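J.: My structure is below; once you've seen it, I'll send some questions.
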Amino acid sequence: MSILDDMLSKDPHRIWAASGAIRHLRDKQELAVLVTHLDDLKLATRGVALGGALRPNSSHLDFAFRKLEFLKRSDECLCVLYPMDDLYNPADEAKAGYVEIEATVLDDAKWVDYYVCRCAFCDRHYRVEEREYHYWWWKWNLMLVEDAGAR
């Protein structure tokens, strides 16, 4: 089954899983197909109760739609989406080849305070704060070039 099929299925679990897949999807052709069906996707998922405990599962669907709306109107690098979502793990993004972690800054207790990441496609730099509550999350902030060099 495709992401499109899952999103149109009306099945809460399939919609939730497909929403997460869209977050990490980089294939331009597959994303373009989803963008062309954006109105259908919104209609098919409207009113579907997605559940969730500490975080509503609808937040994943909301971000999937934000990403597709972004792609519909912009040709900018996908890294521009990092500050719009707190589930982009810089280590995973680096492993996938999307960013390079140029620095890891520790706090006084030797926990990660933040990372300095560079987009592998457009060279934008981000300061990425690593935080945890009931789950890990990351706050991505665009850095000015001179700030990235200063670290």
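J.: For region 1-27, which positions are without any contact (Cβ under 8 Å) to a residue 40 or more places away in the chain, of a type in the set (D, E, K, R) and either open to solvent by less than 50 Å² (accessible area, probe 1.4 Å) or over 15 Å from L68 (Cα atoms) (or both)?
T.: Residues satisfying the conditions are D5, D6, K10, D11, R14.
J.: Among the listed residues Y126, Y114, identify the single one that is in contact with a Ser or Thr (Cβ under 9 Å, 6 or more places away or on another chain), on the phi < 0 side of the Ramachandran plot and part of a strand (DSSP E or B).
T.: Y114
J.: So, one more: Can you give me the ranges of the helices (runs of 4 or more DSSP H) entirely in region 1-96 with at least 1 residues that are under 27 Å from E129 (Cα atoms)?
T.: Hits in region 1-96: 12-24, 58-73, 90-95.
J.: Still on this model: Which residue pairs have Cβ atoms closer than 7 Å, lie 6 or more positions apart in sequence or on different chains, and pair a first residue in region 66-92 that is farther than 17 Å from G20 by Cβ with a second residue that is hydroxyl-bearing (S, T, Y) and surrounded by 14 or more Cβ atoms within 10 Å (Cβ to Cβ)?
T.: P90/Y115
J.: Only one residue in A120, A94 is of a type in the set (G, A, S) and open to solvent by less than 40 Å² (accessible area, probe 1.4 Å), so which one is that?
T.: Going through A120, A94 in turn, just one is of a type in the set (G, A, S) and open to solvent by less than 40 Å² (accessible area, probe 1.4 Å): A94.
J.: Let me ask something else about it. Hey, could you check region 28-60 for residues that are touching a residue at least 24 places away in the same chain (Cβ under 8 Å) and acidic (D, E) and say which is farthest from S9 (Cα to Cα)?
T.: E30
J.: Conditions first: (1) touching a strand residue (DSSP E or B) at 6+ places or on another chain (Cβ under 6 Å); (2) more than 29 Å from P12 (Cα to Cα); (3) open to solvent by 30 Å² or more (accessible area, probe 1.4 Å); (4) not polar (S, T, N, Q). A103 passes all but one, so which condition is the exception?
T.: That leaves (3) as the condition not met.
J.: Okay, moving on. Considering only region 41-55, how many residues are among the charged types (D, E, K, R) and open to solvent by 80 Å² or more (accessible area, probe 1.4 Å)?
T.: 1
The values are calculated or read from the model by the stated rules, or taken from the named source; none is laboratory data. All values derive from a computational prediction rather than experimental measurement. Glycine gets a Cβ as well: all are built from the backbone with ideal geometry, and neighbour counts include every protein chain shown. For the accessible areas, the whole protein counts, side chains as well, though only heavy atoms, and no ligand, DNA or RNA atoms are used. Shrake-Rupley method; radii C 1.70, N 1.55, O 1.52, S 1.80 Å.
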